[in-house]
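Read through the structure below, which is laid out as structure tokens, and then see the notes.
The values are calculated or read from the model by the stated rules, or taken from the named source; none is laboratory data. Computed from a predicted structure; not experimentally measured. No Cβ is skipped: glycine too gets one built from the backbone with ideal geometry, and neighbour counts run over all protein chains shown.
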Amino acid sequence: MQKTNNSGIIETYTGGFIMAKYMTSSDVLLEFKGKINCIRQFEMINEEEKQAIIENGINEIMKELYNLSLSQISCLSERDTYIIRKLWGVVDNGKCIPGPILNQEFNLSNIHTIKPQFFKRLNVALEKFLISYNFSKKKKETLDLIGIDLNLFKLNLVAFNHNPKMMNIDEYITCTPMSTISQEIKNTNIYIRSINDLKLAGLTNKEMQIVSFHFGLNKSQKRFTLKEIATIFNMSKENARLISASALEKLQKHFANPLNPEYFDTIECLNLSKRPYKSLKKAGIYTMEDLLDLSEPELINVKGLGEKSLDELYKAMQKYKKIRSERQVVIDTRNSFLEEIQVLQERKRRLEQECQELDFEIAQAKIRYEKFEEAELTKKRTYKL
């Protein structure tokens, strides 16, 4: 006599004693769903997407389990794969072989621990995958926000910023919330967007080569240490360091003048000789705003400014106005490009979200289809019985 128990599993009775238990793939699937889960929350993975990943993982391991051409499945040895299949009735037409019988067959006493250990390993593997997937999504979004080659970004960090924790980008992404990453990248000074920008600062060929090697701006994108660079160029490590420092100083000086607002708004940007510079300071003129607010008679009456100093000052101010105008054009153009990039990135994000939703719907449809097929298979088996 056959009877279906509360779990839907068919058991065979003879004289009131349970002789054999039968399980379909649907029964096994239910057991998997009850044992495999991840309660951990992830910053870049919502609950719906996480459940879809878990469902997909379960379906993949089920395919392995029922693919008898595979002698070994994920997280199990070949021997334990055989035992698991016997315990779940994957072979023997759904008939589950009791643990004590398998203990005798393999001369073991721990068959009962194989299932719990299997589920434990699967849950560990699942969590590792989710951590890796979450990191990949987070890194992709971070690199999209950076918007330039990662090694160029690191050059900007060294030359124009004071945020060393961002140099190790993987560790930074792992330890920093996405909202903080977004804000810190937004506040990062990015002046060098291509290797061609290095030429604008007047770097020598040797300085260009050493900066390129040190920051991985070559074709291989490999970053070399100063010791390695010294060996390549047949020079001392100290000489390599001095050339690298000189190059960075040139970059800072060139890009600070037309682009750094704090520097540009002080009279230091005029690069005046000592006499006119000190005269302006003594008169309480510290910023370009202070200087430009002065009328010509007021400027002439500044103590210490003779004819020669005034001539130098007028020329410097004309140059400043020209650079400021060019600077504004650069800033407006860059802002225009950045706005366009942001619009496109937002559009891309929405499309990716739609794709994720479609992937989830497809996964759900596949699950419904597989359940339907399993139900039909169960009906056929029932008819045969």
Are any of the residues in the stretch 232-253 at pLDDT below 80, assigned by TED's automatic domain parsing to the domain that holds MET166, under 26 Å from MET288 (Cα atoms) and not in a loop (DSSP other than H, G, I, E, B)? yes
Qualifying residue in the stretch 121-135 (condition: over 30 Å from ILE97 (Cα atoms) and surrounded by 18 or more Cβ atoms within 10 Å (Cβ to Cβ)): yes
Checking the condition surrounded by 11 or more Cβ atoms within 10 Å (Cβ to Cβ), in contact with a Leu (Cβ under 7 Å, 6 or more places away or on another chain) and either farther than 25 Å from ARG193 by Cα or not charged (D, E, K, R) (or both), which residue from ALA316, ALA375, ALA363 passes? ALA316
Matching residues in the stretch 188-207 - criterion: being surrounded by 12 or more Cβ atoms within 10 Å (Cβ to Cβ), part of a loop (DSSP other than H, G, I, E, B) and not small (Gly, Ala, Ser): THR188, ASN189, ILE190, TYR191, ILE192, ARG193, ILE195, LEU203, THR204
So, in the stretch 61-79, of the ones that are surrounded by fewer than 18 Cβ atoms within 10 Å (Cβ to Cβ) and in contact (Cβ under 8 Å) with a residue 12 or more places away in the chain, which residue ends up nearest to LEU29 (Cα to Cα)? MET62
Could you grab me the full set of residues in the stretch 279-305 that are loosely packed, with under 14 Cβ neighbours inside 10 Å, at pLDDT 85 or above and not in a loop (DSSP other than H, G, I, E, B)? GLU296, PRO297, GLU298, ILE300
Quick one: which residue in ILE185, ILE229, ILE210 is within 16 Å of the chain's Cα centre (by Cα) and assigned to a helix (DSSP H, G or I)? ILE185
With the requirement that a residue be touching an Asp or Glu at 6+ places or on another chain (Cβ under 9 Å) and more than 20 Å from PHE135 (Cα to Cα), what does the stretch 160-179 give you? ASN163
With (1) within 25 Å of the chain's Cα centre (by Cα); (2) at pLDDT 85 or above as the list, and LYS366 as the residue in question, which single condition is left unmet? (1)
Take the residues of the stretch 99-148 that are free of Cβ contacts under 8 Å to residues at least 60 places away in the same chain and not in a helix (DSSP H, G or I): which is farthest from GLU43 (Cα to Cα)? ASN107
What number goes with the only condition from (1) assigned to a helix (DSSP H, G or I); (2) of a type outside the set (S, T, N, Q); (3) at positive phi that CYS75 does not pass? (1)
